[in-house]
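One structure below.
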Amino acid sequence: QGLDNGLGRINKYIFNVQRSCYTLIGGLSGSAKTTLVDFMLINALQDAEAKNIPINVFYYSFEINESRKKAMWMSALIYNKYNIIVKPETISGFGDLRLTSRELELIDDLTPELDRLFNKIFWRWESMNPTGCYKEWWQFMEPRGTFLKEDYSDEFGHTKQRIINFLPSNPEEYNLIVMDHIALAKGERGFTLKDNLDKLSEYVVKVRNLFG
């Protein structure tokens, strides 16, 4: 079934937010890619909370800072609950844009929920390279289950062990990674942009296949 992503008919094809899935969202600059991803994540967090399902999220926000992200999420929460559009730019007070007294009331009402959702996430606001991300994922997941290993012989005939599977301590738990956006990940030494994207994708596939 997966966690609710807030979308409708398209879930006939993408099946909500599932474990062990690698989803790449692309589009032109300004085509609301981040807005879509955040909308899906907010709904998944709320659904997990309603169903008492543990969820962990690493969010690498390499393009948008914390204050801007909070304004965007507040805008989404207001729309989800009240069906009222309050633009993030208005929430941030850009230019001459100012909130009405009613809009301030909505923000006051939803600030505790925003804080609660934000505190569920491991936020990263500075760019990291693929290897740094990979090490962080491993360090987080390693104590959350048990590795199954098998013996094998190396080219010198020495017996060694390799990991063949991971058994999570809590099979109900969701562990999600969001990266916005991957082209802004810090480059590995000597890597081209394509090399860096390929390495990041390789690491994501590895952790998905092992940890689910």
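FYI, it's all coordinate maths here, none of it is from the lab. Everything numeric in this text was worked out from a predicted model, so none of it was measured. Cβ sites come from the backbone with ideal geometry, for glycine too, and all protein chains shown count toward neighbours.
A few comments on the model shown:
- Segment residue 146-residue 191, length gained on full extension (0.36 nm per residue, minus Cα span): 12.8 nm
- Aspartates and glutamates with Cα under 16 Å of residue 120, excluding same-chain neighbours fewer than 8 positions away: 38, 47, 49, 66, 173
- Over the stretch 88-156: Rg over Rh, Cα atoms, Kirkwood Rh: 1.32
- Whole-Å semi-axes of the stretch 15-95's equivalent ellipsoid (Cα gyration tensor): 23, 17, 12
- Here the mean projected area of the convex hull built on the C-alpha positions of the stretch 79-212 is 13.2 nm².
- For a label point 7 Å along the Cα-to-beta-carbon line of residue 125, residues of the stretch 35-63 with backbone N under 16 Å: 59-63
- Rounded to the nearest 500, the 222 nm mean residue ellipticity of the chain from helices alone is -14000 deg cm²/dmol, with -39,500 (n - 2.57) taken per DSSP H run of at least 4 residues.
- Segment residue 167-residue 1, extension gain: residue separation times 0.36 nm, minus the distance between their alpha carbons: 57.7 nm
- Principal-axis analysis of the Cα atoms of the chain puts helix 130-141 at an angle of about 90° to the longest axis.
- Size of electric dipole in the stretch 75-194: Cβ of Lys, Arg +1 and of Asp, Glu -1, about Cα centre, debye, nearest 20: 260 debye
- Full extension of the chain segment joining residue 153 with residue 115 gains 8.5 nm, where the gain is 0.36 nm per residue of separation less the Cα-Cα distance.
- Computed over the chain with a Gaussian network model linking Cα atoms closer than 10 Å, the most mobile of 76, 32, 48 is 32.
- Theoretical FRET efficiency, 1/(1+(r/R0)^6), r = Cβ-Cβ of residue 63 and residue 210, R0 30 Å, to 0.05: 0.60
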